[in-house]
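Since the structure comes first, as structure tokens, the remarks are kept for the end.
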Amino acid sequence: MPSGARTVRLMTTCLCDLFYDDVARATVEVLEHLGCEVEVPSAQTCCAQPAFNAGDWTAARRVARHTLTVFAGDGAVVTPSGSCARMLSHGSALLFEHEPDRDEAARLGERTFELAEWIVERLHVTRWSGRLERRVAFHRSCHSRGTRYAESALALLRSIEGIELVEVGEGEQCCGFGGTFSASFPHLSRSIGDLKLDHLLASTPDIVVSADMGCLLHLAGLARREGRPFEARHVAQVLRDALR
């Protein structure tokens with residue numbers, strides 16, 4: 001068992017519930033492989049980011065307060081979503097800045113970790129066992145900026161035997177999703193996404209990998225409609241598959 005392995009609570013996220021249930025399963029398998037005991041609170045709903053980004057902070061606070069209740073306590077919370085992790089570690093600080101729940105929200109943010117960050121920065125695992133023969137294009141999500149999320153994921157991917165990480169042009173560029181942005185400004189969202197796809201697919205990867213399901217959902221859907229589909233995988237699925 002790696003030093004620091006412990007019981008963690010898994011925030012599965014809305015996108016796992018609706019589209020990526022296998023990412024949730026893969027996350028559990030990865031964490032258990034590392035010796036963690038995983039709890040999945042059944043009452044969890046959403047991190048409140050959609051309402052927060054849409055400017056409806058009254059609704060966002062209602063959702064966020066439920067999250068504070070569900071994940072109350074002192075234990076670590078791990079999520080396979082950089083955007084949800086950033087909502088709890090950064091967005092909630094703004095949401096509750098002048099609210100009585102401010103300190104509780106800050107504490108939850110401090111003990112919430114994106115999956116790869118948890119593995120590398122907290123469990124100090126920097127090499128991953130197993131093998132996977134794939135050319136991988138890695139997409140850095142906007143929510144990974146100012147964090148160790150992307151670097152942690154890349155460290156793990158590079159350590160897997162058989163994986164070749166290909167160069168991606170304009171690696172910091174947005175995918176165009178932006179949550180509610182893609183619904184409010186669909187034509188602009190598509191133009192940004194098309195440019196991102198051009199860069200991701202230029203090196204003919206076998207799979208496109210990201211730590212954010214929203215980005216993968218947007219890019220894969222856009223590519224499918226345009227007749228240039230690709231295999232999209234979450235970091236958790238790559239780590240799980242390498243063990244098999």
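Structure above, values below:
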item	result
Residue within the range 34-42 that is touching a residue at least 24 places away in the same chain (Cβ under 8 Å), surrounded by 24 or more Cβ atoms within 10 Å (Cβ to Cβ), over 28 Å from residue 180 (Cα atoms) and not assigned by TED's automatic domain parsing to the domain that holds residue 236 present	no
From 203, 189, 182, residue being surrounded by fewer than 17 Cβ atoms within 10 Å (Cβ to Cβ) and among the small types (Gly, Ala, Ser)	203
Residue within the range 76-89 that is without any contact (Cβ under 8 Å) to a residue 24 or more places away in the chain and surrounded by fewer than 19 Cβ atoms within 10 Å (Cβ to Cβ) present	no
Residues being buried (at least 22 other Cβ atoms within 10 Å of the Cβ) and either assigned to a strand (DSSP E or B) or out of contact with any Lys or Arg (no Cβ under 9 Å at 6 or more places or on another chain) (or both) - total across the range 142-152	1
Failed item in (1) in contact with a helix residue (DSSP H, G or I) (Cβ under 6 Å, 6 or more places away or on another chain); (2) closer than 26 Å to residue 151 by Cβ, with residue 118 passing the rest	(1)
Selection status of residue 73, more than 21 Å from the chain's Cα centre (by Cα) and either assigned to a helix (DSSP H, G or I) or on the phi > 0 side of the Ramachandran plot (or both)	yes
Any hit, the range 96-105, residues being among the hydrophobic types (A, V, I, L, M, F, W, C) and closer than 28 Å to residue 217 by Cα	no
When residues of the range 43-60 are limited to those that are in contact (Cβ under 8 Å) with a residue 40 or more places away in the chain and part of a helix (DSSP H, G or I), the one surrounded by the most Cβ atoms within 10 Å (Cβ to Cβ)	49
Residue tally, condition surrounded by fewer than 22 Cβ atoms within 10 Å (Cβ to Cβ) and touching a His at 6+ places or on another chain (Cβ under 9 Å), over the range 3-32	3
Criterion (in contact with a Pro (Cβ under 8 Å, 6 or more places away or on another chain) and within 27 Å of residue 209 (Cα to Cα)) met by exactly one of 16, 47, 36, 84	16
Checking residue 220 against (1) in contact with a Gly (Cβ under 8 Å, 6 or more places away or on another chain); (2) more than 17 Å from residue 164 (Cα to Cα); (3) not basic (Lys, Arg), the condition it does not meet	(1)
Qualifying residue in the range 159-179 (condition: under 25 Å from residue 16 (Cα atoms), polar (S, T, N, Q) and either surrounded by fewer than 17 Cβ atoms within 10 Å (Cβ to Cβ) or under 19 Å from the mean Cα position of the chain (by Cα) (or both))	yes
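The values are calculated or read from the model by the stated rules, or taken from the named source; none is laboratory data. These numbers were taken from a predicted model, which means no experiment stands behind them. Using ideal geometry, Cβ is built from the backbone for each residue, glycine included, and neighbour counts are taken over all protein chains shown.
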